[in-house]
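Please treat every number below as a calculation from the coordinates, not as lab data. Here the structure is a predicted model, which means the values were calculated and not measured. We place every Cβ from the backbone using ideal geometry, glycine too, and count neighbours over all the protein chains shown.
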Amino acid sequence: MAKFDFQKYFGEIAPLADAARENEQRPWTMAVPRDPEHHDLVLYLGCNVLRTVNLAESVVEILRYLGVDFTAVGGPANCCGIIHENNGAGETGDKLRRHSLGKLAAFTPSQVLTFCPSCQLRMDQAGPQREALGVPYRPLSEYLAENLGRMKFVHRIERRVALHAHTSTLQQDQDREVTRTLLEAIPGLEVTVLPPPRELGRMCTPAVAAALGEARYREIVGGMFETARGQGLDAMVTAYHGCYRSFCDWEAGHGLEVIHYATLLCQALGLRRYRDTYKSLRQEGNPAAAFQALRPAAERRGVNMERLRKSTETHFARAGQPAKGG
């Protein structure tokens, strides 16, 4: 078995995020200072959501709308360590988790809101170490559901959508129900929850697809899309960013838009809808064209162009190939 290339894996995240984001300034912190300014909430984005940077920008937009005191933290320097844990470097993964826990706690928040289910899992596994810091960690979706009363929906969304979620753990079951609550609060939106296939584990990732084998993976995912289309639904809504990224290749072939719940919330609230740059470039399947499309913003923002080139080669190969990332 080839040795996992951690440097390549993590080195391709930030260049893509910085080139694809619509905001000129990062709406998240990558380098946490030793003694950061206090914030009541910390939004912990993790690493891989930055590949689909529109989702990170969307959830930041929603928290700004709520008017809460928060800061967003993300990027490889603040990794939860799950990639190392899954690729034979558990000790390093634990070290990364300890460092990230300490950096998030340094903001002295009342809560840390996680956006990535892998990060939430890792924090849950931290046990006494996390408890010693005295900072509760919980999914962002739970916090948003608790604050639905503060949201004024100004746009109806007349659509019938399928909700794709997971059921491998109690946390996944809770995430599914909370996401359903958020979606059903949107005026006009009709939500059908698809039965979550247990074989897909806690989140759709290339590793899950590889473990199942291409034929079985396509049978499961294709079956979900066919079921949704057969029920007259027009979109596949995901609770997790990994599922959103994994399903981008399936959109055109099945006539269902792939969309994340945060995008629908932004639309209903009248907030900015960020471009699905990752999805559009992924579907074009042309790394060279993707590089050229991202190049102007990348040059303006001082992105390392060679790393960006490698990132586009990894992420935007011919549509139909599994998207990289955990």
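Overview of results
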item	result
Total charge dipole magnitude, the chain, about the Cα centre, Cβ charges on Lys, Arg, Asp, Glu only, Debye to nearest 20	540 debye
Spacing of the two label points (7 Å from each Cα toward its C-beta) at Glu22 and Glu131, in nm	4.3 nm
Whether the range 152-269 is rounded, prolate or oblate, judged on the alpha carbon gyration tensor where a/c under 1.5 counts as rounded	prolate
Cα gyration tensor, the range 75-208 - rounded (a/c under 1.5), prolate or oblate	oblate
Cysteines, the chain, no other Cys beta-carbon under 4.7 Å	Cys47, Cys79, Cys248, Cys266
Radius, Kirkwood style, for the chain when every pair of distinct Cα atoms is counted (Å)	20.1 Å
Prolate/oblate/rounded label for the range 38-151 (Cα gyration tensor, a/c 1.5)	prolate
Potential lengthening between Glu177 and Thr227 on full extension [0.36 nm per residue; Cα-Cα distance subtracted]	16.0 nm
Antiparallel DSSP beta bridges within the chain, as percent of all bridges there, nearest 5	0 percent
Spacing of the two label points (7 Å from each Cα toward its C-beta) at Glu190 and Lys152, in nm	3.0 nm
Neighbour-limited loop hits for GluC sites (Glu not before Pro), the range 1-52 (at most 14 other Cβ within 10 Å; DSSP other than H, G, I, E, B)	Glu22, Glu24, Glu37
Dipole in debye (nearest 20) - the range 139-272, about Cα centre, beta carbon charges: Lys, Arg +1; Asp, Glu -1	240 debye
Choice from Ser280, Ser246, Ser311 showing the highest fluctuation, given a GNM over the chain with Cα pairs closer than 10 Å	Ser280
Dimensions (Å) - the range 200-256, Cα atoms, principal axes, largest first	31, 23, 17
Estimated inter-spin distance, Leu66 and Ala297, nm [label 7 Å along Cα→Cβ]	2.5 nm
